[in-house]
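Have a look at the structure below before the remarks.
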Amino acid sequence: MAEEFKYSCNTASETLQWIHAIINFIAPYRYFLDAHVVNFFKDRLWEPVDKEWMDCLRKESVGNLLRIPSGVVQDHWPGSLREFILTLRSLSLSREQADFQEFSGMHIASLSNVLSQGMNHKKKHEVEALSALVSLVAKQVGARTVVDVGAGQGYLAQVLAFDYQLSVIAIDACSHHGKITDARAERIRKHYAAKMRKNCSEQREFSVPKTVTCRVLSSDTLRALSNSPVENDHAGNQHLSQKCSVSQPSRLAEDILPSRSYSDSTLVIAGLHACGDLSVTMLRTFLECDKAKAVISVGCCYNLLSEEAIDIVDSCCGFPVSQGVKSAGVMLDKIARDLACQSADRWRGLDEHAGLHNFELHALRAAFQIVLFRHYPNILLESPTIGRQGKALRRQQNQRILESNLHHGGPSESGEPRESVSFLHEYSSIQSSKNCKSRAVDGYSLFVKFCESGLGRLHLPHLEDTAYSAVWRESESYFELIGPYWSLRAALGPVLETLILLDRLLLLQEYDSDLEASLLPIFNPVLSPRNMAIIAKKIRK
């Protein structure tokens, strides 16, 4: 059987060895990586999978299927199946949240009510951990300034400024986000000022985040923030809020950190779930900007990464980014990168009821795909995002269930829109029925409702009953295969994410020996599945 945790990434050679092990192992399973589950019935996706595996898993409980992505196997499964799942586990980064007691001088403080206002439980958890880590790293490299890339509404930036007294530049592509950040920061500043007056304590100046609106598309764009006049707002704080020009390239640190404004000339680049290529842009900018002494990047949305242009020399893309992975010739298309976003911890945290609904809704959606393919083929070309609404609803429901389990030990109300709740409850009653014939009839009725609802959203006319019944007869007997198939495919998710993250780590390790780089899981993976932070520091004296 596969040995667990036998790989390391302390050096470039170790990281590359791990990467090659992943590439070699997943090569025979491209049929999982390239498949879209919505085409499960249309393309008969189960056929390439080992028949012994599918025959075994189609009889397995939903609970055991949900644990497959976490690497949990059963003794009665075929040896080759167990080997497949355990090897995937051994090739994946550990996602268990790090023990921060190991970090000298790091303390995660609970946010005050005024700073956490507007944050959900997940965001508060993330900001508390990441702000403490950024503050520690800034102290280690002697920097007092942090550039928060993809700052959104400024939650991280404001905690770094008010709680940790760091100078913060909050960069976001949306000018509206900058206005919200400014307004929120001013409310927080007034709150603390009023509190000091009430307590008759010594008045002090607060560090308020400076906002920059800039559509960051590449490292060149990030460095091309134009020299801009520094304006003083009514609170006496310097404020940058202009839209950045990219026509006159200049260095990031020199542009946004004028020497007359800051006592030091070094900075830390940080990003909380900077989307797609933006996380990679942060790493490249860190390497190319002398004044950037550290970077802490928590990425997300791998499906939005740009792809390598094989016919263009030295092309910059989101994956692969390291020379080692580029030389290996590995490519991950959008479907595979989307699979890398699967969370084994989220799967394991679902109860059987929620897991069963997920499998069944996938099956209904895959059957509906055949209806579209046969009767409305043009719509598949014109509307490639069909079904995203249902996917979003399922994710929202699952998140509520998981958060409820964390806090209360049991499932909560789903909070779904009325039609979605009705749909799920109706399907639940079908599955609990002991009369197989009645269950089949009700299942077909639900399938018709599913199709008619989907066609209605697409503004397409309903079909005759014979069209639905033909698809139902072809698909129904294979419904029980979609759970095993989807579970096996999802087991590749953590490995694919590991490959993407190791590629980014290797980019840093290839660059300079006077650089420390590591991967650290800093969030609870159930609350925040994208919990791996890439941390790098320049250590040259």
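The values are calculated or read from the model by the stated rules, or taken from the named source; none is laboratory data. Being a predicted model, the structure only gives us computed values, none of them experimental. Note that each Cβ is placed from the backbone with ideal geometry, even for glycine, and that neighbours are counted across all protein chains shown. Heads up: the accessible areas ignore ligands, DNA and RNA and are worked out on the full protein's heavy atoms, side chains in. Shrake-Rupley method; radii C 1.70, N 1.55, O 1.52, S 1.80 Å.
Of the whole protein surface, Asp43 contributes about 80 Å² of accessible area at a 1.4 Å probe radius.
Remark: accessible surface ordering of Val168, Val114 (largest first) is Val114, Val168, probe radius 1.4 Å. In the context of the full protein assembly, Met106 retains an accessible surface of approximately 20 Å², using a probe radius of 1.4 Å and ignoring ligands and nucleic acids.
Accessible area of region 1-67 with a 1.4 Å probe: how many percent of it is carbon plus sulfur? Roughly 48 percent of what the probe reaches on region 1-67 is carbon or sulfur.
Just to make sure I understand: if all protein chains stay in place, what is the order of Lys210, Lys124 by accessible area at 1.4 Å, largest first?
Numbers: Lys210 20, Lys124 55 Å².
Listed by decreasing accessible area, they come as Lys124, Lys210.
Summed over the residues of region 33-115 and divided among them, the accessible surface reaches 48 Å² per residue at a probe radius of 1.4 Å. What base-10 log of the normalised intensity I(q)/I(0) is obtained for region 24-149 from the Debye formula, alpha carbons as equal point scatterers, at q = 0.14 Å⁻¹? Ignoring solvent entirely, the Cα scatterers give -0.84. Applying both filters, DSSP loop and at most 14 other Cβ atoms within 10 Å, to the GluC sites (Glu not before Pro) of region 447-476 gives Glu464.
Arg58 exposes around 80 Å² of accessible area when a 1.4 Å probe is run over every protein chain in place. Asp43 versus Phe100, label points 7 Å from Cα toward the beta carbon: distance in nm? In this crude spin-label approximation the distance works out to 4.3 nm.
Compute the FRET efficiency between Glu83 and Lys122 as 1/(1 + (r/R0)^6), taking r as their Cβ-Cβ distance and R0 = 41 Å, and round to the nearest 0.05.
Values: r = 35 Å, r/R0 = 0.86.
E between Glu83 and Lys122, to the nearest 0.05, is 0.70.
Taking 7 Å steps out from each Cα toward its Cβ at Arg457 and Lys190 produces label points 4.2 nm apart.
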